[in-house]
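Structure, as structure tokens:
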Amino acid sequence: MNSNVLTYTVAFPKLNTTILTYSRMRYHVMQAAKTLVNKGYDPEVIDIRSLKPFDLYTIGNSIKKTHRVLIVEECMRTGGIGASLTAAITENFNDYLDAPIMCLSSQDVPTPYAGTLEEWTVVQPPQIVAAVEQLCL
């Protein structure tokens, strides 16, 4: 046996993702997080309380652990907070990312008054679960 050969075991990384959200979407994210935990994922949810300025210290520390980011917002995709947050993360923490930043936003349409139609335009927990699963492939 060659004594110069190192033996090691391959440890599979946890299925971690940083999920950034705020306001009403926090409740949708927390519902999705329960499902994700039951499926073996380990999401780190950050409720962004300050939209200006972003708490880049907290966000950065989480990204350094998880290496994946999902932004969930109720704003429309065009001109939403998610775009500014994506830019800030890319500028400051791009080297720590193992996957592209994913952003789930409301559709770029006026929000309907009817509750059943609103559900079709606003991000729902199953969409959040699916996005995390895709990020962790």
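The values are calculated or read from the model by the stated rules, or taken from the named source; none is laboratory data. If you're wondering where the values come from, they're calculated on a predicted model, not measured in any experiment. Virtual Cβ from ideal backbone geometry, glycine too; neighbours counted across all protein chains shown. SASA here: full protein model, heavy atoms, side chains in, ligands and nucleic acids out. Shrake-Rupley method; radii C 1.70, N 1.55, O 1.52, S 1.80 Å.
A few notes on this one:
- If the convex hull is drawn through the Cα atoms of the chain, its volume per residue in Å³: 127
- Estimated distance in nm for a label pair at residue 39 and residue 117, the labels positioned 7 Å out from Cα along Cα-to-Cβ: 3.0
- Helix 81-93 axis, angle to the chain major axis (alpha carbon atoms, nearest 10°): 20
- Mean Cβ count within 10 Å, highest first, over the residues of peptides 74-84, 60-70: 60-70, 74-84
- Less than 5 angstrom separates the built amide H of residue 16 from those of 42, all sequence-distant by 5 or more or on a different chain.
- Peptides 25-37, 110-122, 43-55 ordered by packing proxy, namely the average of other Cβ atoms within 10 Å per residue, highest first: 25-37, 43-55, 110-122.
- 3J(HN,Hα) from dihedral phi, segment 94-102, Karplus parametrisation 6.51/-1.76/1.60, rounded to Hz, x for glycine, proline: 4, 5, 8, 8, 9, 8, x, 5, 10
- Karplus-based coupling profile of segment 125-137, in residue order and whole Hz: x, x, 5, 5, 4, 4, 5, 5, 4, 5, 5, 8, 5, with θ = phi - 60° in 6.51 cos²θ - 1.76 cosθ + 1.60 and x standing for Gly or Pro.
- Helix 56-66 axis, angle to the chain major axis (alpha carbon atoms, nearest 10°): 50
- Segment 45-64-segment 94-137 distance, computed between alpha-carbon centres (Å): 19
- Against the chain, whose longest principal axis is taken from its Cα atoms, helix 25-38 shows a tilt of about 40°.
- Entry comment: accessible area of the chain is 64 Å² per residue, from protein heavy atoms only and a probe of 1.4 Å.
- Spin-label pair residue 51-residue 124: with each label point 7 Å from Cα along the Cα-Cβ axis, the two points sit 2.5 nm from one another.
- Aspartates and glutamates with Cα under 18 Å of residue 65, excluding same-chain neighbours fewer than 8 positions away: 42, 44, 47, 55, 91, 95, 98, 133
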